[in-house]
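Below is one structure; the comments refer to it alone.
What follows draws every value from the coordinates through simple rules; no lab data is involved. All figures in this text were calculated on a predicted structure; none of them were measured in a lab. For neighbour counting, all protein chains shown are included, and Cβ atoms are generated from backbone atoms with ideal geometry for every residue, glycine included.
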Amino acid sequence: MQLSQEAIAEFITEPFTAGRSTPRLLFDFSIMVASLNQSVLDYPVLDFGAGTGWVSEFCARMGLKTVSFDIHGDLKACLENRTRADRRINSGLLSFVEGDGHSMPFESNKFGHILCYDTVHHMHNYPKVFSEFHRVLRPGGRAIFVEPVARHSKSPETIAFVEAQKKHDPTWIERDVVLEEMDQIARNAGFTSGLSIIPMPHPLAYQTYSMSAWQEFRSGDTLQRLRFTDQLADLNYWDRVIFFVDKP
């Protein structure tokens, strides 16, 4: 699907014009950055499923050499618009490659990190994709994911979104990411330690406490702590999750 020049120009403002999703996008990215493996930062980062290129832009701002990768044909225009809009972005740190995530056109052991923001659940074959992740990561490399999880494909919002997208792209899919299944797929692909899950509250559904309630919570109110733990566990299984895998 080719986008109009007007639509591409609008994309350079993402994630700051994402409405209520903006806090979530920025929060998620900060956790991804905190999860980077410092020992492999000298090697390129692969922004897998780069979309409008905002993750790639942020990585370049951090001084990270970044390769944007996506199947759509507007990736070059999206990145060029971003670098033209702000001279502080070092365009020499950014490059792009178009292709299919099931068979990537990269040499083996190339990347120190793969950042995968809201992308894996669009893939048709998880085992093939994870095998490719393992192949292109160098030893010690890390792939970091932010994904909707176990009931994503069945939500009314997702169903409506897929119906709209298929009018432009008949191959569009939205899948669930079931953590137990993904853990086994990752292990089978060679990520022998499986998934490392980073349980996080949702920035749009945060919990607040009065001072007295917080003091009770801190003093060991078992019921309140159990409720908080249950909410966190449910959120990071049924709604949204951040996790990573390491290549031995």
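Quick notes on this one:
- Karplus-derived HN-Hα couplings along segment 71-86 (A = 6.51, B = -1.76, C = 1.60, θ = phi - 60°), whole Hz, x at Gly and Pro: 8, 7, x, 9, 4, 4, 5, 4, 5, 5, 4, 5, 6, 5, 6, 8
- Annotation: extensible slack from E181 through T13 equals 56.9 nm (criterion: 0.36 nm per residue apart, minus Cα-Cα distance).
- Amide H to amide H distances under 5 Å link F111 with L137, R138, where only residues 5 or more positions off or on other chains count and H is placed in the peptide plane.
- A simple rule links phi to the HN-Hα coupling: the Karplus curve 6.51 cos²θ - 1.76 cosθ + 1.60 with θ = phi - 60°, which for segment 133-140 gives 4, 5, 5, 7, 6, 7, x, x Hz, with x for Gly and Pro.
- Cβ crowding within 10 Å ranks F133, F106 as F106, F133, fewest other Cβ atoms first.
- Reported to the nearest whole Å, the Cα centre-to-centre distance from segment 207-248 to segment 18-60 is 24.
- Estimated from helices alone, the mean residue ellipticity of the chain at 222 nm is -11000 deg cm²/dmol (sum of -39500 (n - 2.57) over DSSP H runs with n ≥ 4, per residue).
- Here's the picture: charge each Lys and Arg Cβ at +1 and each Asp and Glu Cβ at -1 in the chain, and of A60, H152, A77 the one pushed furthest to the positive end of that dipole is A60.
- The length gained by stretching the chain between K167 and Q224 to full extension, at 0.36 nm per residue less their Cα-Cα distance, is 15.8 nm.
- The chain: most fluctuating residue of R84, R175, R187 per GNM, C-alpha cutoff 10 Å: R84
- Inter-label distance, nm, simple model (7 Å from Cα along the C-beta direction), S30/Q231: 1.9 nm
- Counting neighbouring Cβ atoms within 10 Å and putting the fewest first, the residues L195, L115, L137 line up as L195, L137, L115.
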